[in-house]
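Student: Below is one structure. I have some questions about it.
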Amino acid sequence: MSKLIAATVLVGALAGGAGAYYWMHGFNVSDQVSKAPPSTSFARSSADPRRAETVSAASPSKESAAAEHAAPADATPPLHAGEVLEFSADVSKLSNVANLRLQTLARHNFFGKSAWHLQAFAHTENPLRMVFELDDQFDSYSDAATLSSLQYEMHLNERGQKQDSIQRMETSDAVNGASGETETRVLPGTRDPLGLMQYLRTVDWSKAREIHGPVYDGHKLYDVSAKMDGPAQNITVPAGSFNVSKIDIRVFDAGAEVNDAHFALYLANNASRTPVLLEAVMPFATARVALVKVK
């Protein structure tokens, strides 16, 4: 049952922003989020520093290591302040085991840089809530132009145990963290799971064959790749019927693909490229997070 719950939270967290943390959490990895004092830490990296972020164009096939040119995007980004997306998570034959909310808050100055404040909440629902009570909040401050992570926060409340982590992302040693923050060294162009979710919405998938780059889950750097999988299709979720593009997402650890979990993200072919559905297939369960409401 614990793995089933972890699968639910995993998919919801990726849709709302915790991704690989919950994947590790579900497999009983010993690392825990803690109230760390201000310090400088190094993200354990499995991403290749030579390919901090690249993109393959549809034709011809070329790669560019410049983060600002990572993927073709529309002149008008689909993100807008005030957007609220609500999701419901199903695992195998169990329906509505968790609800999730993904919010795009204000775009403002964050220590001299223009940044989006992205936020997500995850809550388990009865009857699983009686077994695994979870009320988590995630905050991301992501660069407005590239959606690379400037600060990532996890405020976890699981089975009555509260844990907090506030990590400022830095690519050099010349940093000074504020009280309560941990300074974490990452590769240039690194995104957190919330920033990654929103970044995938900005990619012009008619021109980009594949994108990949480092993603920090709060504990470790991974290399994540994403590419369009097949032609557009129509799907129906609680929020309605949508014409969508399916994006295949793969995670690599130390250069090897993580085969225990496979993800697919369905983005609506509308101006906002709304995330409509996220699926995860794992050895012990299949999880599905579907859009319920757009506010």
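The values are calculated or read from the model by the stated rules, or taken from the named source; none is laboratory data. This is a predicted model, so every value here is computed, not measured. Quick reminder, even Gly has a Cβ in these numbers, built from the backbone with ideal geometry, and neighbours come from all protein chains shown.
Student: On the given criteria, is PRO188 closer than 24 Å to LEU156 by Cβ, modelled with pLDDT of 90 or more and not β-branched (Val, Ile, Thr)? Don't jump to the end; show me each part of the working.
Tutor: Values: closer than 24 Å to LEU156 by Cβ: no; modelled with pLDDT of 90 or more: yes; not β-branched (Val, Ile, Thr): yes.
Here the answer is no, as PRO188 does not meet what is asked.
Student: Enumerate the strands (runs of 3 or more DSSP E) found wholly within region 92-179, keeping only those where 3 or more residues are charged (D, E, K, R) and within 20 Å of PRO193 (Cα to Cα).
Tutor: 135-143, 161-170
Student: Okay, moving on. Take the residues of region 122-169 that are within 16 Å of ASP217 (Cα to Cα) and aromatic (Phe, Trp, Tyr): which is modelled with the highest pLDDT?
Tutor: Applying the filter and picking the extreme gives TYR141.
Student: Which count do you get for residues in region 233-291 that are modelled with pLDDT of 95 or more, among the polar types (S, T, N, Q) and closer than 19 Å to ASN96 by Cβ?
Tutor: Residues that pass the stated criteria total 1.
Student: May I ask you to say which residue of GLY213, GLY195, GLY218 is in contact (Cβ under 8 Å) with a residue 12 or more places away in the chain, part of a strand (DSSP E or B) and either under 20 Å from PRO78 (Cβ atoms) or within 18 Å of the chain's Cα centre (by Cα) (or both)?
Tutor: On inspection, the qualifying residue turns out to be GLY213.
Student: Looking only at region 271-295, count how many residues are β-branched (Val, Ile, Thr) and not in a strand (DSSP E or B). Before the answer, list the steps.
Tutor: As a first pass, look at region 271-295 and keep what is β-branched (Val, Ile, Thr): 274, 276, 281, 286, 289, 292, 294.
After this cut, where a residue has to be not in a strand (DSSP E or B) as well, the list is 274.
Counting residues in region 271-295 that are β-branched (Val, Ile, Thr) and not in a strand (DSSP E or B) gives 1.
Student: Six or more apart or on different chains, Cβ atoms under 7 Å: show the pairs whose first residue is in region 271-295 and surrounded by fewer than 16 Cβ atoms within 10 Å (Cβ to Cβ) and whose second is in a strand (DSSP E or B) and β-branched (Val, Ile, Thr).
Tutor: LYS295/VAL84
Student: In region 244-270, which residues are part of a strand (DSSP E or B), in contact (Cβ under 8 Å) with a residue 60 or more places away in the chain and buried (at least 21 other Cβ atoms within 10 Å of the Cβ)? It would help to see each step written out before you state the result.
Tutor: At the first step, the residues of region 244-270 found to be part of a strand (DSSP E or B) are 244-253, 256-257, 262-268.
With the extra rule that they be in contact (Cβ under 8 Å) with a residue 60 or more places away in the chain, the set shrinks to 251-253, 263, 265, 267.
The answer is VAL251, PHE263, LEU265, LEU267.
Student: Within region 82-102, which residues are hydrophobic (A, V, I, L, M, F, W, C) and surrounded by 20 or more Cβ atoms within 10 Å (Cβ to Cβ)?
Tutor: LEU85, PHE87, ALA89, VAL91, VAL97, ALA98, LEU100, LEU102 - these are the residues of region 82-102 that are hydrophobic (A, V, I, L, M, F, W, C) and surrounded by 20 or more Cβ atoms within 10 Å (Cβ to Cβ).
Student: I need every pair where a residue in region 126-149 that is more than 20 Å from ARG101 (Cβ to Cβ) has its Cβ under 7 Å from the Cβ of a residue that is surrounded by fewer than 18 Cβ atoms within 10 Å (Cβ to Cβ) and of a type in the set (S, T, N, Q), sequence separation at least 6 or different chains.
Tutor: Pairs that qualify, where the first residue is more than 20 Å from ARG101 (Cβ to Cβ) and the partner is surrounded by fewer than 18 Cβ atoms within 10 Å (Cβ to Cβ) and of a type in the set (S, T, N, Q), are ALA144/SER114.
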